[in-house]
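Student: Let me give you the structure first, and then I'll get to my questions.
The values are calculated or read from the model by the stated rules, or taken from the named source; none is laboratory data. Remember, it's a predicted structure, so these values are computed and weren't measured experimentally. Reconstructed Cβ throughout: ideal geometry from the backbone, glycine too, with neighbour counts over all protein chains shown. The accessibility values were calculated without ligands, DNA or RNA, using every heavy atom of the protein model including side chains. Shrake-Rupley method; radii C 1.70, N 1.55, O 1.52, S 1.80 Å.
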Amino acid sequence: LSGSRVPQNELLRGYRRMATVRAIFQPLAGGQQHAPQLVSLAGEPWLDRLIISSAFSNSAGVAAVSAALAPVAGVCRAFIGVRNGSTTAQATAALLKLGVELYALDTATRGRIFHPKAFIATGPNQARAIVGSANLTHAGLFNNIEAGTDMDLDLADASDRAFVDTMLDGFDDLIVNH
């Protein structure tokens with residue numbers, strides 16, 4: 001390449017675009033919190049489907065993101081664990097009042113609870129996922145020491161598409177088979 005100029009599209013040919021990944025380490029890394037990330041996720045202009053998954057939920061957690069969820073409630077499914085002593089009836093009522101399609105997951109035993117924390121927005125060509133330890137509670141979104149990954153995904157990329165499909169298929173399976 002000495003002295004020659006190679007067009008950028010030639011440089012990129014044969015290389016796949018990788019997901020853009022950002023770490024969230026609440027509240028230790030520069031005052032990061034999960035709530036603003038979730039609000040931003042729900043506000044993606046290309047969003048046509050939103051999945052919320054949380055082991056625990058309380059009314060303060062739902063209230064923290066309800067203004068962002070309201071405009072997309074019609075395309076939002078929430079999967080919330082209920083056999084855990086932490087999820088409140090007020091939280092599930094608030095999600096229903098927003099118009100979110102709610103699935104209350106009860107494993108029928110305290111020895112095995114529903115525990116994934118994932119927030120996934122999908123659109124025709126892209127997706128964004130926040131996966132980590134934060135629940136849909138005020139403490140989980142603002143105060144607890146929580147870690148998460150915020151990923152921008154290109155659905156034209158096979159690896160990104162496989163990740164999104166695996167996550168969505170898992171939640172669809174919960175509806176159909178459990």
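Student: Can you go through Ala35, Ala60 and tell me which one is modelled with pLDDT of 95 or more and open to solvent by less than 40 Å² (accessible area, probe 1.4 Å)?
Tutor: Ala35
Student: Could you tell me which of the residues Ile24, Ile51 is under 16 Å from the mean Cα position of the chain (by Cα), outside any helix (DSSP H, G or I) and within 14 Å of Leu141 (Cβ to Cβ)?
Tutor: Sole residue among the options that is under 16 Å from the mean Cα position of the chain (by Cα), outside any helix (DSSP H, G or I) and within 14 Å of Leu141 (Cβ to Cβ): Ile24.
Student: Can you tell me which residue among Leu98, Leu102, Leu50 is at pLDDT 95 or above, under 16 Å from Leu168 (Cβ atoms) and open to solvent by less than 60 Å² (accessible area, probe 1.4 Å)?
Tutor: Leu50
Student: Which one of these does Val72 not meet: (1) touching a helix residue (DSSP H, G or I) at 6+ places or on another chain (Cβ under 6 Å); (2) within 14 Å of Ile120 (Cβ to Cβ); (3) open to solvent by 50 Å² or more (accessible area, probe 1.4 Å)?
Tutor: So the condition that Val72 fails would be (3).
Student: Would it be correct to say that Ala108 is in contact (Cβ under 8 Å) with a residue 24 or more places away in the chain, loosely packed, with under 15 Cβ neighbours inside 10 Å and more than 28 Å from Pro45 (Cβ to Cβ)?
Tutor: yes
Student: For region 79-178, which fully contained strands (runs of 3 or more DSSP E) count at least 3 residues that are within 13 Å of the chain's Cα centre (by Cα)?
Tutor: Strands (runs of 3 or more DSSP E) meeting the threshold: 118-122, 126-132, 146-154.
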